[in-house]
Number of protein chains: 2
Amino acid sequence: MNKIELTTLLAEDVSGTPTSRIVRSLSARGSLSAAQLARLTGLAKSTVSQTLADLRRSGVVVEAAAEGRPAGAGRPATMLTLNPEAGTVLGALIGLREIKVIIADVSHAIIAQKSVLMDEDYSPADAVDIIRDLATEGYRDHAISRAGLMGVGVAIAGPVNPIDGRIQRASVVPTWAGIDVRDVFGPVFNRPVVVDNESNCAAVAEMTWGVAQGHDDFVLFKVDAGVGGAIVSGGRVMTGIAGAAGEFGHMSINPDGPLCRCGNRGCLELYASFRDNLAIASRRFGRPMTMDDVILLAESGDVGCRRLIEDTAEIAGHGLGMIGTIINPPLIVIGGRMALAGELLLAPLRASYEKHTLVKSRDVNAASRTQIVKGQFTENDSVLGAVGLVLRREGHNRI
Amino acid sequence: MNKIELTTLLAEDVSGTPTSRIVRSLSARGSLSAAQLARLTGLAKSTVSQTLADLRRSGVVVEAAAEGRPAGAGRPATMLTLNPEAGTVLGALIGLREIKVIIADVSHAIIAQKSVLMDEDYSPADAVDIIRDLATEGYRDHAISRAGLMGVGVAIAGPVNPIDGRIQRASVVPTWAGIDVRDVFGPVFNRPVVVDNESNCAAVAEMTWGVAQGHDDFVLFKVDAGVGGAIVSGGRVMTGIAGAAGEFGHMSINPDGPLCRCGNRGCLELYASFRDNLAIASRRFGRPMTMDDVILLAESGDVGCRRLIEDTAEIAGHGLGMIGTIINPPLIVIGGRMALAGELLLAPLRASYEKHTLVKSRDVNAASRTQIVKGQFTENDSVLGAVGLVLRREGHNRI
């Protein structure tokens, strides 16, 4: 299989040939049956069948590994993927205090994961050096040629302008403001680079591999040291005209409240992030506490830690209730480190949402109710989504 | 031109023949040049040219009337429309205290407009009788055969469930809750019926004929006796899983505030609708005041009326600022009766939006700024949008 050929097939626009449409669908979804491909591409079954035969003959498409197939009556449909040997994708997260890297192949298998902790305010040059080194290690550890690298996806802790691809006034990573990540990464990797905000990437991860698979419309809501999220509409992550869509943490829920680092007052994040609660917990236990510590203690019955989580759920539910009133989504995926608290967070969050949103569950039939579920990925969602950006051919330039 | 033939062409799904794709584009947009058609449909220019020649020969497509073409150097492109004789569309608004009807032809020309005031809580049977009578009058006045009616679009003052097409718990028109408008209108008109919420229809009107033409992403925000709106993403009005997307008036901006008719507390509508201000103005002037009265007095320099409009703009701007933080749209269209105040409302509304939203205009370049503009239609937006629903083949079943 020729890597260049696959790159060309993936680069063609959606109104392309049947071959291109099938390859793009497999790239976006991982493994699919012929019937699923026909449905997704809108091509006739006979066209799909003929094209797949050609693609299998030339080694671009192979049968997917059998694991994970549902055991059931009857012969299961043959699942197909792109040939994992045809190419790899690099995903990187440029976070506030960490850099993460994932190498995956075009069949959606993850080959390597690496991460390092960083001091705050590291420079773009530092980031690209570290990501290059981590990638080199990953390829070396698994004895895979870097020549097969098809593209680099970057998730960054700040809004990305969808028009010029530059980091917008970056409250989270201030030294990066005005940088075009493609300019920084392009010359080093010599491959196409796509970049998006970390929460938008997290949504891509959930729709590609997680609980939002098959959902074209959902909201991702992250509760962590900050509050953020993303809106997916019609299968597309909304970026906003300045890259700021989904910045739920900066809804000014109390215009007379305390000043926020964003320049507004009373932002949701000031009340619903877990930052202040960590300070309370640390005082209570006389040692520095992490979110994981608080969750663990709450799980083992500590009433104080439970209350801190419930209070966060109550105020987060007010903000989320307003988001529900505006978007009325079929699905809300709860992400961020606090999602690891599971039902300790989700049960009071659902109750608060029900209280504060317009459409009450009890008033509509089951099919019209918003489902609130825990995300599948809380730790690696953004870096995984960066891989997804490349596989799905998404990134900047979507408003 | 055979009406049945056109109906068939319009009913085919989007992956249809070149003929169907061209006819659907003309139906949705009104008049287009051959070059615009090629761009919109993705068809080759030669295919468009050949198909148009066939459609013109058979009388389905005609040259658009010359008026409204920009005078400029060079020969203007020939604009084409569907043959106005090929069919008509009926749009109806079922409002709180009024029913409106518009008859338009498939070239997007408006043939007749009618409206009647109603007592509150009129029944579906009353509504359908009145709409049928108004339509009959309209066809008779203009000596047009009703046989050419291709479809009926209905805008209703309540959320429409996108799954089953029924009126959701309808706070505005309570007696209609649970009704499927298609069941009521279908047997009377014997034509396809599409139905959507009045604010969603208003957004369709602005994108079809108004200030949002050519915009695939925008927010409509209505300030009137209530507050409402719609979100358009990727050229599609978001309906929400229960038909409640865009219900901006019921964002609970103060969870300890007064009880709202929707069952929440402190909804935006309680502060930003013009209802309370009308009571204040009526006391001040010792006579019942309408929004038009207040606007007229404000325009002629009455400082009290100006302040009432400014106060509404300030609080509406807080809510709109939160919507901006969540959606970060390229364009916000201000509708509703209060939009008739023009800059008296819009200037303070923009200032309040800038204060309360995350992305400040001054921090981003011009291309990344949210534009806030007055809608083109404030009085007939919903009924016009009901016509648009049919011409654009939209309506229920979009989430």
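Simple spin-label estimate for B:Leu259 and B:Phe285 gives 3.3 nm between the two label positions (7 Å along the Cα-to-Cβ direction from each Cα).
Working note: Cα atoms of the stretch B:165-269, range along each principal axis, descending, whole Å: 49, 36, 24. Looking at the calculated P(r) for chain B, what percent of the C-alpha pair distances fall above 37 Å? Counting every Cα pair in chain B, those more than 37 Å apart make up 25 percent. Sorted from shortest to longest, the distances between the B:Gly342 label points of this copy and the other copies are 6.3 nm, with each point 7 Å from Cα along the line through the beta carbon. Ranked for footprinting exposure by Cβ neighbours inside 10 Å, fewest first, B:Asp133, B:Asp256 give B:Asp256, B:Asp133. The Cα-based radius of gyration and maximum Cα-Cα distance (Dmax) for the stretch A:211-374 are 15.9, 49 Å. Per-residue ellipticity at 222 nm computed for chain A from its helices equals -12000 deg cm²/dmol, with DSSP H segments shorter than 4 residues left out and the rest contributing -39,500 (n - 2.57).
When the protein assembly as shown is described by a simple charge dipole with +1 on each Lys and Arg Cβ and -1 on each Asp and Glu Cβ, the residue from A:Leu345, B:Met118, B:Gly249 located farthest towards its positive end is B:Met118. Taking the inverse of the mean reciprocal distance over all distinct Cα pairs, the Kirkwood hydrodynamic radius of the stretch B:109-170 comes to 13.8 Å. Potential lengthening of the chain between A:Arg56 and A:Glu379 amounts to 112.7 nm, from the contour at 0.36 nm per residue minus the alpha-carbon distance. As a proxy for reagent exposure, ranking B:Thr208, A:Thr378 by other Cβ atoms within 10 Å from fewest up yields A:Thr378, B:Thr208. Residues B:Leu331, A:Leu259, A:Leu296, arranged from fewest to most other Cβ atoms within 10 angstrom of their Cβ, appear as A:Leu259, A:Leu296, B:Leu331.
Across the stretch A:343-351, rounded Karplus estimates of 3J(HN,Hα) from the backbone phi angles (6.51 cos²θ - 1.76 cosθ + 1.60, θ = phi - 60°) give 5, 4, 8, 5, 4, x, 5, 4, 5 Hz, Gly and Pro being marked x. Here B:Arg191 and B:Gln113 are evaluated by their C-beta separation; at R0 = 25 Å the FRET efficiency comes out at 0.80.
Spin-label pair B:Thr78-A:Ser33: with each label point 7 Å from Cα along the Cα-Cβ axis, the two points sit 5.1 nm from one another.
Taking a straight Cα-Cα cut-off under 21 Å and skipping sequence neighbours fewer than 8 places away in the same chain, the lysines within cross-link reach of B:Lys100 are B:Lys114, B:Lys222.
Across all C-alpha atoms in the protein assembly as shown, the radius of gyration and Dmax reach 27.7, 87 Å. Within the stretch A:84-110, name every residue whose backbone N is under 16 Å away from a label modeled 7 Å from Cα of A:His142 along the Cβ vector. Hits in the stretch A:84-110 for A:His142 at 16 Å: A:84-93, A:100-110. Note that the stretch A:23-36 has calculated 3J(HN,Hα) couplings of 4, 5, 5, 5, 4, 6, 9, x, 10, 9, 8, 4, 5, 5 Hz, one per residue in order, obtained from phi through the Karplus relation 6.51 cos²θ - 1.76 cosθ + 1.60 (θ = phi - 60°); glycine and proline are x.
With 0.36 nm allotted per residue and the present C-alpha distance subtracted, the A:Asp311-A:Glu85 stretch has 76.4 nm of extension available. Grab the other residues whose beta carbon is less than 14 angstrom from that of B:Leu331, score K and R as +1, D and E as -1, and report the net. Local charge sum for B:Leu331: 0. Computing FRET efficiency as 1/(1 + (r/R0)^6) for B:Asp216 and A:Glu120, where r is the C-beta to C-beta distance and R0 is 41 Å, gives about 0.60. Extension gain for the segment A:Arg275 to A:Thr17, taken as residue separation times 0.36 nm less the Cα-Cα distance, is 87.8 nm to one decimal. Copy-to-copy label distances for B:Asp126, where each label lies 7 Å from Cα along Cα-to-Cβ, are 7.1 nm in order of increasing length. The charge dipole of the stretch A:211-374, taken about its Cα centre with unit charges on the Cβ of Lys, Arg, Asp and Glu (plus for the first two, minus for the last two), comes to roughly 100 debye.
The spread of Cα positions in the stretch A:138-210, taken along each principal axis and listed from longest to shortest, comes to 40, 33, 21 Å.
Give me the Å³ per residue figure for the convex hull around the C-alpha atoms of the stretch A:266-349.
Numbers: hull volume 7.2 nm³, N = 84.
Convex hull volume per residue, Cα atoms: 86 Å³.
Throughout, read-outs are computed from the coordinates displayed, never taken from laboratory work. Values in this document were obtained by computation on a predicted structure and should not be read as measured data. Reconstructed Cβ throughout: ideal geometry from the backbone, glycine too, with neighbour counts over all protein chains shown.
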